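Taking it in order: structure first as structure tokens, then the write-up.
Rule-based calculations on the coordinates, nothing more; no lab input. Fair warning: this is a prediction, and the values are worked out from it, not measured in the lab. Reconstructed Cβ throughout: ideal geometry from the backbone, glycine too, with neighbour counts over all protein chains shown.
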Amino acid sequence: MITLSIDVTKLDKTRFKAITRKNGEKALFCDLILIDSQSDYGDYMVKQSVTKEDRENGVQLPILGNAKNVQVGDKKPVKANSAPARAKEEDSEIPF
């Protein structure tokens, strides 16, 4: 399991996405990303995602917090570098 803690006061609310579900219910989403950091604070740093255009223009959003792999029961935490490889097309979307 991965747990995360963020400072919600740093969220850029203009980047929230409002949608209407098929049943007519309204929803508001905030897209977050985890970036492998392996620091003393956690295994990942948490940032709000940006568009491809923003990344190309060098837009950097603040670090919102951190995330950690946590052991649950008798299971061992998954190491950050054991994530499946991404397709080349997705790699071009990585902001860092």
With +1 on each Lys and Arg Cβ and -1 on each Asp and Glu Cβ, and nothing else charged, work out how big the dipole of region 1-76 is about its Cα centre, in Debye to the nearest 20.
380
If the chain between residue 57 and residue 12 were fully extended at 0.36 nm per residue, the gain over the current Cα-Cα distance would be 14.5 nm
Placing each pseudo-label 7 Å from Cα in the direction of the beta carbon, residue 38 and residue 19 end up separated by a distance in nanometres of 3.4
Kirkwood hydrodynamic radius of region 1-52, Cα pairs, Å:
13.0
